[in-house]
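Written out below as structure tokens is the structure these notes cover.
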Amino acid sequence: MKRSISSFAGKRRNWSIPYILFLGFFVLTPLVLILFYAFTNGAGGFTFGNFQKFLQQPEAMHTFIFSVGVALITTVVCLLLGYPAAYILSRMESKSAKLLVLLFILPMWVNFLIRTLATVALFDFLGIPLGQGSLYFGMVYNFLPFMIYPIYNTLQKTDKNLIEAAQDLGANPRQVFFKTILPLSVPGITSGIMMVFMPVISTFAIAELLTINNIKLFGTTLQENIYNGMWNYGAALSLIMLLLIGITSMLNGQGTAKAAEEGGLI
Amino acid sequence: MMKRILSNSYIGLLLVMLYAPILIIVVFSFTEAKVLGNWSGFSFKLYTSLFNGGIHHSLASALWNTLIIGLIAAFVSMLLGTVAAIGIFNMRPKARKAVQLVNSIPILNPDIITAISLFLLFVSLGISQGYTTVILAHISFCTPYVVLSVYPRLLQMNDNLYEAALDLGATPFYALRKVLLPQLRPGMISGFILAFTLSIDDFVVTLFTIGNEGLETLSTYIYADARKGGLTPELRPLSAIIFITVLILLLAINQRAAKKRL
């Protein structure tokens, strides 16, 4: 009897094998292919040419830097708008706070292309011309919930005793906030930053729709190259984006893992 | 008091900003005007023409494709992810860490990288793109979320229950069905729902794996539409219906959860 249990349990470890094979084929192999295409030319020979092309082409370089800028500004605006909101929500009575958080997440369930086109309609309706302004509004509009949610989650779990202790020890409200609440909410902030910065840097289509094709972001450059059959150059550009994202997640450390967990909840 | 009014109005303001575009779509779904933003009188015409199909056959088939792909991808992801989670849970720590790391790659990778990498996989193997490739691609980015939602259930589980079932004479399969699965079910269901929403909402990965045989999902249909310059008016009532359905569903879930707690 005992033996059959342990052999079954032993087998159970093997249940992960189908998925491991699946991951190998559909996750790891494709990434290796990006690497392969990035360092080869059309004929399959090894080359650094694709990266040289990027460094020599002012247009692709310019789009890249501009996209990083847009992502940074969007992230900062989302943080400035989202933190107070998350803070207020975390102070509310839990029942109404839950409902409000739900309302903040709800727009995420409408297809993002439709939402973006609706933003365009809103600007048309108000008679505001489309351009940089509408681009930033659209980005913040699309990604603000991703900032509010993780921060709210962390703030809500904060041990209230610590805040009371700070007050008892004579801290004024400002000190309580800056010395106790803010430092304790850092994990939420870092995962919020990840969840906004990473998607924005790689968005594709939002910028075109919001600016009637006047402003192009790096995601579009990637798509155009792949679509025009420039697989090697496109793969090299993808690798550059992956590198940037790798660096960002490394700087964020534990925020990355948290973002991965919470990404699932939205 | 003053502070409270201020903070409440701040939340209100943000919500107005978030909902204004959606409100516009809902309002303008009740008028016939071709261009979003023009009001040509109240009418249900867009709703009736959405359901009568005919001219908008391509929209109906795009919607149909989206749902089919979503359901298949979510179902397969749920099975694959649950079996994988059980396996990963029983692995040795080192191997487990490695698999979990690879599992988080599709979650952290931006859509467009996933999309390009899968595109390169399919073209370098010479697989023609269509329904199958889209579904495989969706399974590949949905399953990691299922693993993440089932795994915590395994951590919370009491191992002795399963052993007790075996001691009481249950076959391993029976114990699995009667003891293990019921405990994993909530995680499986939320994984399924998550996978389904991710799949129907996906645009970038679909665009890169759908090929050019004329297959369209809702996202690629809207994208092609927007590039042509205008949104098919029937998309307004469709979005309104989707939005209202989700709103009611979520509020109902929230109500039920609130009642349970009492």
Counting only helical runs of four or more DSSP H residues, what would the 222 nm mean residue ellipticity of chain B come to if each run contributes -39,500 (n - 2.57) and the total is spread over all its residues? -26000 deg cm²/dmol
For chain A, what does the equivalent ellipsoid look like in terms of its semi-axes, each the square root of 5 times an eigenvalue of the Cα gyration tensor, given largest first in whole Å? 37, 31, 19
Cross-link pairs B:178/B:259; A:98/A:157; A:98/A:179 - those with Cα-Cα distance over 23 Å: B:178/B:259; A:98/A:179
Give the Rg/Rh ratio for the stretch B:116-262, taking Rg as the radius of gyration of the Cα atoms and Rh as the Kirkwood radius, to two decimals. 1.12
Which residues qualify? For residue A:40, with a placed amide H closer than 5 Å and at least 5 residues away or on another chain, they are A:47
Farthest toward positive dipole pole in chain A [+1 Lys/Arg, -1 Asp/Glu at C-beta], among A:209, A:66, A:79: A:79
By the C-alpha gyration tensor axes a ≥ b ≥ c (rounded if a/c is under 1.5, else prolate when a/b exceeds b/c, else oblate), the shape of the stretch B:56-111 is oblate
Could you tell me the calculated FRET efficiency between residue B:163 and residue B:94, based on Cβ-Cβ distance and R0 = 41 angstrom, to the nearest 0.05? 0.95
Modelled label-to-label distance, residue A:59 and residue B:48, 7 Å Cα→beta-carbon offset: nm? 5.0
Asserting the computed 222 nm helical MRE of chain A (DSSP H runs at least 4 long, -39500 (n - 2.57) per run, divided by residue count, to nearest 500) equals -24000 deg cm²/dmol
Bin width 10 Å, alpha-carbon pairs only: give the P(r) of the stretch B:1-55 as whole percents, running from 0 to the bin holding the largest distance. 21, 32, 21, 16, 8, 2
Taking θ = phi - 60°, what integer Hz values does the Karplus form 6.51 cos²θ - 1.76 cosθ + 1.60 yield along the stretch B:62-78, in sequence order, with x for Gly and Pro? 5, 5, 4, 4, 4, 5, 4, 4, x, 5, 5, 4, 5, 5, 4, 4, 4
Counting pairwise Cα distances across the protein assembly as shown, what percent come out greater than 36 angstrom? 38
Using the Kirkwood formula on the Cα atoms of chain B, what hydrodynamic radius do you get, in angstrom to one decimal? 21.8
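Every number in this text was worked out from the coordinates using simple rules, so none of it is lab data. The structure presented is a predicted model; accordingly, all values stated were derived computationally and were not measured. As a convention, Cβ positions derive from the backbone with ideal geometry for all residues, glycine included, and neighbour counts pool all protein chains shown.
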